[in-house]
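Some notes on the structure that comes next.
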Amino acid sequence: MTQVGADALGVPLEAVSFNAGDTDLPNTSSAVGSAGATMVSAAVYAAGIALRDQLIAIAVADAESPLHGADPGSVDVQDGRLGLHDRPDTGETYGELLGRNRMTYAEAPGSWCPPPLDTPHGLLTFGAQFAEVAVDPDLGLVRVRRMVGAFAPGRVLNPKLARSQLMGGMLWGLGQALLEGNQMDARYGRWGASDLGSYLVPVNADAPDIDIELIEVEDRGINPLGVKGAGEIGQVGVAAAIANAVFNATGRRIRELPIAAEFVMDPAPASA
């Protein structure tokens, strides 16, 4: 969101601070459904553009400004300085404009409402996942050697963060496929694994090589920035990819998760 605000205002990244996650602040989108970046970035962008346009309007109306009388559409802002498209040397900084007009600050709100769910457009990220596994049919062990995920999340705001988020989602899917099972203890009416010491989740030793490919797609139908979410999409196809790889290795079509050892092991030969 700091990047989005800085880009909208035309100022350096270090000139922007973003606050969120505090109950003293206005309500915003929940961090669920891969909606955080999509919804919040659109509102931040709208506020930034509104504030920039407000300051440009002040400049072109100010008789003492180098931009006085200029067409607002001909004004660019870079590194906090307003200048003309065709004459970049003609202009002034935000600070100079505010100081001359005895303004200590300027503000503008921004909001955005998502399109309806019945829109004919695809609102969510598209993706595909692939898995390579090694199987020991005698012990029922499945080890994931490599995973690849290709995703099209619209405009990527921050490639490093997006890759990390999607990698985490794919490891989450690995846990769903092979480890994260729990049974009810009928004696006590409680879950058998009640803490992270007994509930199995992937650790570093379980993590295979993971390749993430990001495919940027120009899609303005979702929001002004063309940003889609990159959260759950990393997880949704992983278990199916692993199950298909196990099928290719063993011929066993497993339709229950997690893929327990007894589903994979070769059956014992019939006694004579």
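Residue count for the stretch 135-187 under the criterion of being touching a residue at least 40 places away in the same chain (Cβ under 8 Å), in a loop (DSSP other than H, G, I, E, B) and of a type outside the set (Lys, Arg): the result is 11.
Looking only at the stretch 190-215, residues that are touching a Leu at 6+ places or on another chain (Cβ under 7 Å) and part of a loop (DSSP other than H, G, I, E, B) come to 4 in all. Residue 15 meets all of the listed conditions (1) among the small types (Gly, Ala, Ser); (2) buried (at least 17 other Cβ atoms within 10 Å of the Cβ); (3) closer than 30 Å to residue 161 by Cα but one, namely (2).
Yes or no: residue 178 over 30 Å from residue 13 (Cβ atoms) and touching an Asp or Glu at 6+ places or on another chain (Cβ under 7 Å)? No: the conditions fail for residue 178.
Results for (1) crowded, with 17+ Cβ neighbours inside 10 Å; (2) at pLDDT 95 or above, shown as yes or no for each residue.
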residue: 5; (1), (2): yes, yes
residue: 8; (1), (2): yes, yes
residue: 22; (1), (2): no, no
residue: 25; (1), (2): no, no
residue: 31; (1), (2): no, no
residue: 35; (1), (2): yes, no
residue: 38; (1), (2): yes, no
residue: 52; (1), (2): yes, yes
residue: 55; (1), (2): yes, yes
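Restricting attention to the stretch 65-102, the residues being surrounded by 11 or more Cβ atoms within 10 Å (Cβ to Cβ), of a type outside the set (Ser, Thr, Tyr), farther than 21 Å from residue 12 by Cα and in contact (Cβ under 8 Å) with a residue 12 or more places away in the chain number 6. Note on the stretch 104-126: residues that are surrounded by fewer than 12 Cβ atoms within 10 Å (Cβ to Cβ) and either of a type in the set (D, E, K, R) or within 23 Å of residue 13 (Cα to Cα) (or both) amount to 6.
Select from the stretch 85-129 the residues that are among the hydrophobic types (A, V, I, L, M, F, W, C) and under 28 Å from residue 39 (Cα atoms) and list them in ascending order. If the condition is that a residue be among the hydrophobic types (A, V, I, L, M, F, W, C) and under 28 Å from residue 39 (Cα atoms), then 106, 108, 112, 113, 117, 123, 124, 126, 128 are the ones that fit.
Only one entry of 218, 262, 256 meets the criterion of being part of a helix (DSSP H, G or I) and either surrounded by fewer than 12 Cβ atoms within 10 Å (Cβ to Cβ) or of a type in the set (Ser, Thr, Tyr) (or both), and that entry is 262.
Scanning the stretch 192-234 for residues that are more than 20 Å from residue 160 (Cβ to Cβ), under 17 Å from the mean Cα position of the chain (by Cα) and in contact (Cβ under 8 Å) with a residue 40 or more places away in the chain yields 218, 219, 222, 223, 224. For residue 242, the requirement of being part of a helix (DSSP H, G or I), hydrophobic (A, V, I, L, M, F, W, C) and under 13 Å from residue 172 (Cα atoms) is met.
On inspection, residue 162 does not qualify as more than 30 Å from residue 63 (Cα to Cα) and either out of contact with any strand residue (DSSP E or B) (no Cβ under 7 Å at 6 or more places or on another chain) or at pLDDT 95 or above (or both).
Yes/no matrix, rows are residues, columns are (1) modelled with pLDDT of 95 or more; (2) in the same structural domain as residue 37 (by TED's automatic domain parsing):
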site	(1), (2)
96	yes, yes
109	no, no
114	no, no
118	no, no
121	no, no
137	no, no
140	no, no
146	yes, no
149	yes, no
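Residues checked against (1) under 22 Å from the mean Cα position of the chain (by Cα); (2) farther than 22 Å from residue 231 by Cβ; (3) of a type in the set (A, V, I, L, M, F, W, C):
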residue	(1), (2), (3)
12	no, yes, no
40	yes, no, yes
51	no, yes, yes
82	no, yes, yes
87	no, yes, no
95	no, yes, no
102	no, yes, no
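Figure legend. Inter-residue proximity from the stretch 1-18: first residues assigned by TED's automatic domain parsing to the domain that holds residue 75, second residues of a type in the set (Lys, Arg) and surrounded by 19 or more Cβ atoms within 10 Å (Cβ to Cβ), beta-carbon distance below 8 Å, spacing 6+ or different chains. Indicated pairs: 8/52; 9/52; 10/52.
The values are calculated or read from the model by the stated rules, or taken from the named source; none is laboratory data. Just so you know, these numbers come straight off a predicted model, no measurement behind them. Heads up, the Cβs are rebuilt from the backbone with ideal geometry, glycines too, and the neighbour counts pull from every protein chain shown.
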